[in-house]
Structure formats: C-alpha cells, structure tokens
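Here's the structure, in structure tokens; my notes come after.
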Amino acid sequence: MNVGPGGYRPGMTTYPSVLQTVLDTTDARGLAEFYRQLLGYVYRPGHESVDPAGDDWLVLLDPDSGRRLAFQQTDQLTPSTWPEPAVPQQLHLDMTVPSMEELLVQHDRVLGLGGRMIFDRIDDPDEPLRVYADPSGHPFCIFVA
C-alpha cells in the first residue's frame, strides 16, 4: 500500500486537529496570566515577557501536551451575560477536579485570581459544578468528575 507523508494513504479520510482555543480579550496579558496561574500552564517561548510593542497574541502551553489556549487582543468585547439570555456564552471551557474538596479549593483560587462565580450547582449529587466568568467575562465550568 502506498503511504505518504503523515501516514496518509490515497482514499483515506483525513481530519484537522485542534491546535488551541483562542479567547478574544481587551487585556491579552492579563487574561493569559489568569489562566496561566489557574491551570499551571507556561508561556510559549518568546511570550513570557511583556512586549513593548503590545501583547496582541499570546499562547499558553500545557507543559505535558503542548498548546492549549491563545489570547487575541481586541479593542472591544461584550462579555457574556449567561445565565441571562441577552449575550449567550457562545463558547465555554469545561474543567474538572477529582473531589468536592478540590472544587472548594479551586473556587477560592478562581476568585483570588479575579474570576467571579456566575452559577452554582455545587449541591447536585450527580455532577456538582460551579460556573465562573474570567476577568474578560468568558464563562468556564469547574466540576467534579
């Protein structure tokens, strides 16, 4: 069988791979710092220092598996109003922790880093969770799984 670059074979279906999730923000460095500290990620080489010309594009890496999040500077952003319907979530990140105790620890960390809680379902016996907004207003969930 004829196998080409990347293992491609004629007639074989190929699929794109997700490289990273990109979040628009009016403060790329600030939002990157929020997620860097929350998730323990590191900056892509060359993105660690503030660029005097502006930080209009920053990438965070999971040290174990590569690119995860990128931050794109924008002049204006309308934050989600979820759970109110005026401005929908459009996209949100799901994060998990192994226990209720860890969920409570992460709650304090999120608030300490500048996030805010927008929905609380911690008493759900099947899937306790809390939904937060990051400093730019993007929603994300942390739940026990």
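About the Cα centre, and with charges only on the beta carbon of Lys, Arg (+1) and Asp, Glu (-1), how big is the dipole of the chain? Nearest 20 debye, please.
540 debye
Would you calculate a helix-derived [θ] at 222 nm for the chain, using -39,500 (n - 2.57) for each DSSP H run of n ≥ 4 and dividing by the full residue count, to the nearest 500?
My calculation for the chain gives -5500 deg cm²/dmol from helical runs alone.
Among F143, F119, F34, F71, which comes first, then next, by fewest other beta-carbon atoms within 10 Å?
In increasing order of surrounding Cβ atoms, one gets F119, F143, F34, F71.
If Rh is defined by the Kirkwood formula over all Cα pairs and Rg also comes from Cα, what ratio Rg/Rh do you get for the chain?
1.06
Taking the Cα atoms only, what angle lies between the long axis of helix 28-39 and the longest principal axis of the chain, rounded to 10 degrees?
80 degrees
Estimate the FRET efficiency between L39 and M12 by the formula 1/(1 + (r/R0)^6), using the beta-carbon distance for r and 25 Å for R0, to the nearest 0.05.
It comes out at approximately 0.10.
In degrees between 0 and 90, to the nearest 10, how far off the longest principal axis of the chain does helix 100-113 point, with axes built from Cα atoms?
90 degrees
Please state the relative contact order of the chain as a whole percent: Cα pairs under 8 Å, 6+ residues apart?
Over the chain, the number comes to 21 percent.
Among V50, V110, which comes first, then next, by fewest other beta-carbon atoms within 10 Å?
V50, V110
Using the Cα centre as the reference, give the magnitude of the dipole from point charges on the C-beta atoms of region 78-145 (Lys, Arg: +1; Asp, Glu: -1; all else neutral), rounded to the nearest 20 debye.
Once rounded to the nearest 20, the dipole reads 300 debye.
A short reminder: the numbers here are calculations on the coordinates, not readings from a lab. Source: prediction; values computed, not measured. All Cβ positions, glycine included, derive from the backbone under ideal geometry; neighbour counts span all protein chains shown.
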